[in-house]
Structure formats: C-alpha cells, structure tokens
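Asks: Sharing a structure, written as structure tokens. Questions coming.
Read-outs throughout are calculated quantities, based only on the coordinates presented, and are distinct from any laboratory measurement. Treat the numbers as computed from the prediction; the structure is a model and nothing was measured. Every residue, glycine as well, gets a Cβ built from its backbone with ideal geometry; the counts of neighbours run over all protein chains shown.
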Amino acid sequence: MGSILTPEQVLELVPQRPPFRFIDELVELDDNHAVGRYTFKMDESFYEGHFPGRPVTPGVILLETMCQTGIVALGLYLLAQEVGLDELVKYTTLFTDSEVEFSGLVLPGETVTVRAEPVFWRRRKLRAKVEMTSTQGTIVASGVVSGMGVKLD
C-alpha cells in the first residue's frame with residue numbers, strides 16, 4: 001500500500017483530545033509500524049490520587065497510551081488506504097481486547113515511546129504487537145492489543 005496520510009495528518013484525525021490524548025507526536029508511521037511519543041506532565045490529574053507523595057502512571061493509562069498509537073493511529077492510517085480520505089471521517093476506532101504485561105514504572109515527567117506492528121489487518125479489524133519504553137529506554141509494557149474501525153452512520 002502507498003502512503004496517503006502523513007503522521008501529522010493522522011495525529012490530527014485521532015479523536016482523543018487533551019487531557020485524554022496520550023500521543024504528542026507520531027514519529028514514524030507506515031503500513032508495517034507506528035511509533036508514537038508522549039511526555040506525562042507533572043500535573044496530570046490522575047497523579048493526585050495515584051500513590052500520593054510517590055505518584056506513578058496508572059497501568060490503565062499506559063494501556064490507553066499504547067492503544068492510541070497501536071490501534072487508533074495505525075488503524076486510521078490503514079483504514080484511509082482502504083476506504084479513502086472522504087470515507088475515513090465516517091469511522092471511529094474502538095479498542096476491543098488486550099493482553100499486556102507491565103514490567104516497569106512510568107513516573108511523572110517521563111517520556112514514553114510506543115512502537116506498534118500490525119499482527120493482522122482485515123475487515124477493519126486490527127491486532128497489533130505493542131511495546132512501550134521509558135525515557136531510559138527500558139521496556140515498561142508490552143503485548144498485543146486489538147481494535148476495530150466502526151462506521152458512524
């Protein structure tokens with residue numbers, strides 16, 4: 001397949017918005033992979049009550065971060081090639097399943113990088129292998145996530 005959207009265009013199409021968008025930039029994006037980056041701000045609302053005094057980023061937020069790059073952004077890119085840009089706006093991408101292992105902490109102020117590779121893409125369903133690394137390059141989470149493109153009509 002050929003590229004019809006730039007990483008910047010795909011990022012604009014991601015429906016999540018601050019404070020619930022966990023992609024600052026899409027570093028790389030093509031048919032075979034996506035790389036997204038996000039810096040967890042010191043004042044994110046969830047830190048206040050998640051281990052007060054020694055906050056860590058909740059696993060559910062790390063999962064959401066991986067899905068936004070590995071399912072939503074990559075899914076939009078692949079779907080645009082299948083249905084075209086005019087039809088793409090009629091779809092949203094929904095998370096459906098995950099099998100993820102957490103192996104480290106992400107602290108306030110850290111930047112994470114999410115790498116995703118499609119395991120399969122068919123009938124608007126995407127399963128992707130994802131890996132999240134911390135600022136230090138340590139793997140903090142990895143696994144497989146799934147989602148699907150749903151027409152909004």
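Asks: Would you please put 86-92, 109-115, 74-80, 46-52 in order of how densely packed they are, using the mean number of other Cβ atoms within 10 angstrom per residue and starting with the highest?
Replies: 74-80, 109-115, 86-92, 46-52
Asks: Then there is this: Tell me which residues come under 5 Å, amide H to amide H, from TYR91 once H is placed; ignore anything under 5 positions away on its chain.
Replies: Placed amide hydrogens put LEU152 under 5 Å from TYR91.
Asks: Measure out, as a whole number of angstrom, how far apart the alpha-carbon centroids of the stretch 17-35 and the stretch 53-77 sit.
Replies: So the two Cα centres are separated by 10 Å.
Asks: Tell me, what HN-Hα J-couplings in whole Hz come from the Karplus equation 6.51 cos²θ - 1.76 cosθ + 1.60 at θ = phi - 60° for each residue of the stretch 43-53, using x for Gly and Pro?
Replies: 9, 4, 4, 6, 5, 4, x, 9, 6, x, x
Asks: Counting only Cα atoms, I'd like the Rg/Rh figure for the stretch 17-153, Kirkwood definition for Rh.
Replies: Rg/Rh for the stretch 17-153 comes to 0.99.
Asks: For the stretch 5-17, just list the computed ³J(HN,Hα) in residue order, Karplus coefficients 6.51, -1.76 and 1.60, θ = phi - 60°, integers in Hz, with x standing in for Gly and Pro.
Replies: Values per residue, Gly and Pro as x: 10, 7, x, 5, 5, 5, 4, 5, 7, 4, x, 5, 10 Hz.
Asks: Right, next: For LYS129, go through the aspartates and glutamates and keep the ones whose alpha-carbon is under 20 Å away, minus same-chain ones fewer than eight residues off.
Replies: GLU25, GLU28, ASP30, ASP31, GLU64, ASP97, GLU99, GLU101, GLU117
Asks: What are the lysines whose alpha-carbon lies under 29 Å from the alpha-carbon of LYS125, with same-chain residues fewer than 8 places away excluded?
Replies: LYS90, LYS151
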